[in-house]
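*Asks:* Would you mind keeping the following structure in view while I ask a few things?
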Amino acid sequence: MICFALFSWYPMVREIVLSFQQNNFVDPGKWVGFENFRTVFADPAFWAAWLNTAAFSGLALVIGYAVPFVLAVVLNELKHAKAYLRFVVYLPVMLPPAVAVLLFKWFYDPGSGLFNQALGVVHIPPLSWLDSTSTALISLVIVSTWMNLGTGTLIYLAALQSIPGDLYESAELDGAGLLKRVRHVTIPQTKLILLVMLLLQIVATMQVFIEPYLLTGGGPENATVTVAYLMYQYAFNFGDFGGGSALGLMLMVVLLVFSTIYLRVSREEAER
């Protein structure tokens with residue numbers, strides 16, 4: 001309770017207070033009502049940040065939500081080297097996030113980067129991965145997916161291994177192949193964990209920060225600025241802690257909606 005009070009509840013309450021203040025943490029805070037919110041709403045980067053955050057979450061759901069499940073299904077079907085492959089899949093999670101992001105910064109280098117070298121092998125022109133508005137955001141999604149792939153895969157794998165084996169045996173006796181077993185056995189038996197992971201994925205991707213911070217700085221042309229990154233800019237680049245807190249409060253309200261849904265789904269399952 002003390003840890004939660006100090007490191008979770010107090011910062012949340014402090015953020016709510018700061019969002020209605022003009023405060024530089026040197027002079028006493030001055031109450032300004034909704035002025036911080038009006039300032040943030042008037043910023044052209046505000047709407048770009050929300051659109052980019054929504055686009056990032058959508059792309060992360062398409063890629064980062066499906067890929068771990070597919071990997072888990074493949075690993076569950078294998079007969080050999082399961083432990084080794086689980087370690088390989090989880091390895092990116094063990095890297096510090098900054099190290100993983102900077103590794104991909106080299107991969108995306110327009111000159112000697114690994115990805116452009118691979119494209120050159122098949123005679124495809126090099127891409128400006130992080131410098132083009134059309135590829136910058138999807139490049140960040142790829143980094144985020146790779147960084148978090150192991151956790152989702154192992155959670156799905158644990159759920160798959162809890163499915164009774166006789167269900168698969170019955171499906172095989174009926175002539176069901178892998179795809180039909182996944183469709184008629186795996187997905188129905190794991191629908192709760194799929195829903196929970198969907199909600200957790202949305203909550204996590206809505207708070208994306210380290211990828212745009214280290215890779216693009218919100219560019220090019222605000223193509224990768226996110227709500228969390230804009231909060232950082234307001235607070236630590238512009239010195240406007242009230243504006244940053246106002247953005248944080250809006251993001252907290254949005255995440256609270258998804259968190260409430262997650263808690264309700266979990267409670268309903270626990271009562272069954």
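*Asks:* Answer with yes or no whether VAL143 is surrounded by 13 or more Cβ atoms within 10 Å (Cβ to Cβ), part of a helix (DSSP H, G or I), modelled with pLDDT of 90 or more and among the aliphatic types (A, V, I, L, M).
*Replies:* Judged against the criteria, VAL143 is a match.
*Asks:* Also, I was wondering about something else. When the residues of segment 66-77 are narrowed to those that are over 13 Å from GLY150 (Cα atoms) and among the aliphatic types (A, V, I, L, M), which ends up surrounded by the most Cβ atoms within 10 Å (Cβ to Cβ)?
*Replies:* Restricting to residues being over 13 Å from GLY150 (Cα atoms) and among the aliphatic types (A, V, I, L, M), the top hit is VAL73.
*Asks:* Would you tally the residues in segment 150-191 being part of a helix (DSSP H, G or I) and either touching a Leu at 6+ places or on another chain (Cβ under 8 Å) or closer than 30 Å to PRO96 by Cα (or both)? Before the answer, list the steps.
*Replies:* Residues of segment 150-191 part of a helix (DSSP H, G or I): 150-161, 165-173, 178-189, 191.
Still in the running and either touching a Leu at 6+ places or on another chain (Cβ under 8 Å) or closer than 30 Å to PRO96 by Cα (or both): 150-161, 185-187, 189.
Result for segment 150-191: 16.
*Asks:* While we're here: Taking the options THR151, THR135, name whichever one is in contact (Cβ under 8 Å) with a residue 40 or more places away in the chain and of a type in the set (S, T, N, Q).
*Replies:* THR151
*Asks:* Continuing with the same structure: Between TYR213, TYR234, TYR229, which is in contact with an Asp or Glu (Cβ under 8 Å, 6 or more places away or on another chain) and on the phi < 0 side of the Ramachandran plot?
*Replies:* TYR234
*Asks:* A further question on this structure: For segment 78-97: of the residues being out of contact with any Phe, Trp or Tyr (no Cβ under 7 Å at 6 or more places or on another chain), open to solvent by less than 70 Å² (accessible area, probe 1.4 Å) and assigned to a helix (DSSP H, G or I), which is farthest from ALA158 (Cα to Cα)?
*Replies:* Among them, the one singled out is PRO97.
*Asks:* Then there's this: Which residues, counting only those in segment 98-112, are open to solvent by less than 70 Å² (accessible area, probe 1.4 Å) and part of a helix (DSSP H, G or I)?
*Replies:* Selection gives ALA98, ALA100, VAL101, LEU103, PHE104, PHE107.
*Asks:* Among the residues of segment 45-63, count how many are touching a Leu at 6+ places or on another chain (Cβ under 8 Å) and under 25 Å from GLN233 (Cβ atoms).
*Replies:* Number of matching residues: 7.
*Asks:* Among the residues in segment 209-227, are any open to solvent by less than 30 Å² (accessible area, probe 1.4 Å), in a helix (DSSP H, G or I) and touching a Gly at 6+ places or on another chain (Cβ under 9 Å)?
*Replies:* yes
The values are calculated or read from the model by the stated rules, or taken from the named source; none is laboratory data. Owing to the predicted nature of the structure, the values given are computational and were not obtained by experimental measurement. A quick note on method: Cβ atoms are made from the backbone with ideal geometry, for glycine too, and the neighbour counts reach across all protein chains shown. In case anyone asks, the SASA skips ligands and DNA or RNA and just uses the protein heavy atoms, side chains included. Shrake-Rupley method; radii C 1.70, N 1.55, O 1.52, S 1.80 Å.
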